[in-house]
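Just so it is clear, none of the values below were taken in a lab; they were calculated from the coordinates. All values reported here derive from a predicted model rather than from experimental measurement. Reconstructed Cβ throughout: ideal geometry from the backbone, glycine too, with neighbour counts over all protein chains shown.
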Amino acid sequence: MEKFASAAQLVASRKPEKPVLAARPHVAGRAARFFLDSFPGSIAYAYKANSSPFLIGALYGAGIRSFDVASLPELEDAATIPGAHLHFMHPVKARDAIRRAYHVYGVRTFALDTEDELWKIAEETAGDRGPAPDLELYVRLAVPAMNSRVPLERKFGIAGQKAAKLLVKARQVAHKLGVTFHVGSQTTTPDAYAHALGAVGQLIGKAGVVVDAIDVGGGFPSIYPDSQPAPLSAFMGVIREGIEKLPVREDVQLVCEPGRALVAEAESLIVRVDQRRGNDLYINDGAYGTLFDAAHLGFVYPAQLVSREIPAAETLVPFELWGPTCDSIDHMKGPFLLPASVREGDYIEIGNVGAYGRALAGDFNGYGRYEDAILLDEPLMSMYGTGRIAGVAAAKS
Ligand SMILES: *Cc1c(COP(=O)(O)O)cnc(C)c1O
């Protein structure tokens, strides 16, 4: 893999024909070290956010050994990581996936949010000598999204009396019993975790069972031009306080499953402008590629012109972006702030696309093929250090 000091250097030397997915493994490593140092439990990286071997390698190098997988193909992939501990946290799994996960890949940790899934897990993990004696089962609680960009509460999770009943049933099947939730992706304020842990406390009280583990899920934020969250240290503080109030043993096992927060900053997309129409730029990647979330969820990414020097006095103006396919929903409204003189043939670095960028790209219309590279510089915006775009304070305190 070719390494470059910056996107500008890459563009100068390669003049890339295809869009480039440029990884900054050192940035993923730094994010992982922050979580390992400051989260009071273990970290299971949510594999679906980005499974680039360069970023997985960086997370591993920093000390991450647990991975949250959502499907059998992800599991098979992640199982090649030496010493990996895999958690199968999708609440609805195919029977074959459960069976292979348990019997072939040694997975013991599963999530569920219905009684049907509990019996499915019990049946598919049972062996000749009877029920599996070593299941670690997490009941997924539905919690309200608060200040989250991608709420997840409608699809999964159980609440109220039904949740308490399920917890009691799961206790009879599980060797270790846990409760988990997901506050929604890109949650920008820590109160969502306080609220969710409060609901976990009520649930445990209602069910009256011993709970061995709490998994606070993902949802930890990254930073974008229109979404500048509370510092991650504030999230850690709120989670510590919330756990202390729970009716659980002092040595309760604590887990989190960050996806976005570990990898968002660690990848940039480098695109070329193939046409300019007013303040609309037609570029060579888009909604069917790495910019899915910019098109469909309105994410705004930091952008910077990297193909030529711009006079310091040149003003930045808002642009909209259009992707390369023939489809009119291939449109990223932004605003993406770029120098007023941007023109055809220019290259733009679109930063902080590491979470759910590469992962969501398809090849509709023959696009969605990328060159790869490694960059050694700082990301455009950072939760853990100083980003290259001025005026944004590092959110770590
Ligand atoms: C997607 C997902 C995560 C990661 O979420 P982020 O918002 O990227 O941190 C964690 N846990 C589960 C169960 C998920 O589905």
Quick one: what are the phi-derived ³J(HN,Hα) couplings along segment 365-378, Karplus 6.51/-1.76/1.60 with θ = phi - 60°, whole Hz, x for glycine and proline?
-> 6, x, 9, x, 10, 10, 8, 10, 7, 10, 10, 9, 8, 7
Isotropic mean projected area of the C-alpha convex hull, the chain (nm²) | 19.3 nm²
Note on segment 269-397: alpha-carbon gyration tensor, axes a ≥ b ≥ c; rule is a/c under 1.5 for rounded, else prolate if a/b larger than b/c, else oblate; result oblate
Points 7 angstrom from Cα along the Cβ direction at residue 103 and residue 2: gap in nanometres?
-> 4.9 nm
Helical contribution to [θ] at 222 nm, DSSP H n ≥ 4, -39,500 (n - 2.57), averaged over the chain, rounded to 500 | -8500 deg cm²/dmol
Can you list the lysines whose alpha carbon is less than 21 Å from that of residue 176, not counting same-chain residues fewer than 8 positions off?
-> 93, 120, 162, 165, 206, 245
Could you work out the local net charge near residue 100, counting Lys and Arg as +1, Asp and Glu as -1, over the other residues with Cβ closer than 13 Å to its Cβ?
-> -1
Cα-based Rg then Dmax for segment 90-256, in Å, read 16.3, 57
Summing +1 per Lys or Arg and -1 per Asp or Glu among the other residues with Cβ less than 15 Å from residue 351's Cβ gives -4
Length-normalised contact order of segment 217-303 in % [C-alpha pairs under 8 Å, at least 6 apart] | 31 percent
Quick one: what are the phi-derived ³J(HN,Hα) couplings along segment 327-339, Karplus 6.51/-1.76/1.60 with θ = phi - 60°, whole Hz, x for glycine and proline?
-> 8, 6, 7, 7, 9, 10, 6, x, x, 9, 7, 9, x
For segment 165-264, the Rg and Dmax computed from alpha carbons only, in angstrom = 14.5, 48
